[in-house]
Amino acid sequence: MKLTRRTFTSSVAAVALMRPALAQGKPLKVALIADTTGPLEAYAKQTVAGFKLGLEYLTKGAMTVAGRKIEVIEKDSQTKPDVGRTILAEAFGDQNVDIAVGGTSSAVALAMLPVAEEYKKVLIVEPAVADSITGDKWNRYIFRTGRNSSQDAISNAVAIGKPGVVVATLAQDYAFGRDGVKAFRDALAATGAKLVHEEYAPVQTTDFTAPAQRIFDALGKEQGEKVLFVLWAGGNPLAALQALNPGRLGIKIATGGNILPAMAAYKAFPGMEGATYYYYQIPKNAANDWLVAEHQKRFNSPPDFFTAGGFSAAAAVVAAVTRTNGDTDTEKLISAMEGMEFDTPKGKMMFRKEDHQALQSMFGFKIKVDPNVAWAIPEGTKELGIADMKVPIQNKR
């Protein structure tokens, strides 16, 4: 048969129409990378549980989106950046996954960013928070559902900062801690409070005597309301710091929210104020109601900090693939996700077009102690919505 211009054009059109149908017949492969061994194991396991629950809720149990069966491939990055980089390359290169989700540790997430750019595939970062992930280390294949350090910092600075307050910080000496303190410093300046000392300690520190003494010395030279703000991932140093009796020097301790086991230490600080990413009793929406009830039924405990985060990452995946009608071509995914709004247990999130950071609510709290509850209760005081959070764009590209 002679191939005329009309038959050629018709053939091209037919192939184009077939592509969504072909995509719908293939499983949707999602690599879920988390530090399920190492110091952040508790966080990672919550992310994994939340991601699976989110997919179940959003697909009404079918585990199918836009006609494609969802296949989740779990990988353990062991809290090691080189391992995270290697297993993401394996997922994209050898297993041909469509989308990847992960990085628990900021260091692991940062190591994975160039891999997404090399393979030109979407990586949704959850829950790593270092600002640089959607800042100077960012590339266009990166989206983040997790909050960033600036969102933590702005909300906590508003909670504790005011004229006459002098603040020192204690943080871990890696990307999470240093990015977090930088963001906190910038946000605190707008409140009229003064930051007088920054202290960084190794990630695995258990003896805080020397760091605390340097902090006490710095605050001791100042006049005003004295606050030590702690920014720490993993094992919480609050009890160790409280044992050094900062109250004798008029120093109060403040910190942001955390997972429930870590918040047992907050019971020593009734009335302490701060801001949190999530506490299961604060958000009021259908997704959170289902998550709380279902998690309680299955695990005999409420969902935690990173359970909500994993659910949110699942919501982003489902929303994106639904918008592309099952097509996981990277450019189509990016186009669909930029500016995309989607519902999560925290409420509405939106991927900002400029840096793909998910803008989202944070929640102010005041600690309440109930002897019948194993952890301190962060009672919600106010919601800081997307419009209330002037999160800086730090991407320079």
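Read-outs: derived from the displayed coordinates by stated rules, not from any lab. Predicted model, so just to flag it, every value in this text is computed and none were measured. All Cβ positions, even for glycine, are placed from backbone atoms using ideal geometry, and neighbour counts span all protein chains on display.
Descriptive notes on the structure:
- For the cross-link pairs LYS226/LYS368; LYS80/LYS121; LYS137/LYS368; LYS26/LYS284; LYS29/LYS346; LYS297/LYS332, the ones whose C-alpha atoms lie over 31 Å apart are LYS137/LYS368; LYS26/LYS284; LYS297/LYS332.
- Springs between Cα atoms under 10 Å define the GNM used for the chain, and in it the highest mean-square fluctuation of THR59, THR324, THR209 occurs at THR209.
- With a cut-off of 16 Å on the backbone N, the residues of segment 314-329 near the modelled label site 7 Å out from GLU71 along Cα-Cβ are 328.
- Each Cα pair under 8 Å and six or more residues apart adds its sequence gap; the mean of these over the residue count of segment 177-276 is a relative contact order of 23 percent.
- Calculated [θ] (222 nm, deg cm²/dmol) that DSSP helices of n ≥ 4 give over the chain, each run adding -39,500 (n - 2.57): -12500 deg cm²/dmol
- Structure remark: mean-square fluctuation, Gaussian network model of the chain, C-alpha springs under 10 Å; the largest value among LYS60, LYS346, LYS368 belongs to LYS60.
- Full extension of the segment from ALA240 to GLU379, taken as 0.36 nm per residue of separation minus the current Cα-Cα distance, would add 47.6 nm.
- Estimated FRET transfer efficiency (GLN213, ARG185; beta-carbon r; R0 22 Å; 0.05): 0.50
- Using the Cβ of ALA89 as centre and a radius below 12 Å, the other residues enclosed give a net charge of -2, where K and R count +1 and D and E count -1.
- For SER335, SER132, SER106, order by how many other beta-carbon atoms lie within 10 Å, fewest first: SER335, SER132, SER106
- Gained length - SER335 relative to GLN223, 0.36 nm times residue gap less alpha-carbon distance: 35.1 nm
- Peptide packing: for 108-117, 370-379, the average count of neighbouring Cβ atoms within 10 Å per residue gives the ranking 108-117, 370-379, highest mean first.
- The aspartates and glutamates within cross-link reach of LYS366, meaning a Cα-to-Cα straight distance under 17 Å and a gap of 8 or more places when in the same chain, are ASP152, GLU273, GLU379, GLU383.
- Sequence of MET362, MET263, MET389 once ranked by neighbouring C-beta atoms within 10 Å, starting from the fewest: MET389, MET263, MET362
- Label-to-label distance, GLU118 versus LYS368, with points set 7 angstrom from Cα along the beta-carbon direction: 5.1 nm.
- Mean Kyte hydropathy of -0.5 or more with a Cα span along the axis of at least 15 Å, helices from DSSP in the chain: 5-25, 41-58, 81-93, 106-119, 149-160, 175-189, 209-220, 305-323
- The slack between THR37 and LYS353, meaning 0.36 nm per residue of separation minus the straight C-alpha distance, is 110.4 nm.
- Ignoring lysines fewer than eight residues from LYS221 along the same chain, the ones with Cα atoms less than 26 angstrom from its Cα are LYS162, LYS182, LYS194, LYS252.
- In percent, rounded to a whole number, the relative contact order of segment 46-128 is 26, using alpha-carbon pairs under 8 Å and six or more apart.
- Based on C-alpha pairs under 8 angstrom that are at least 6 apart in sequence, the chain has a relative contact order of 18 percent.
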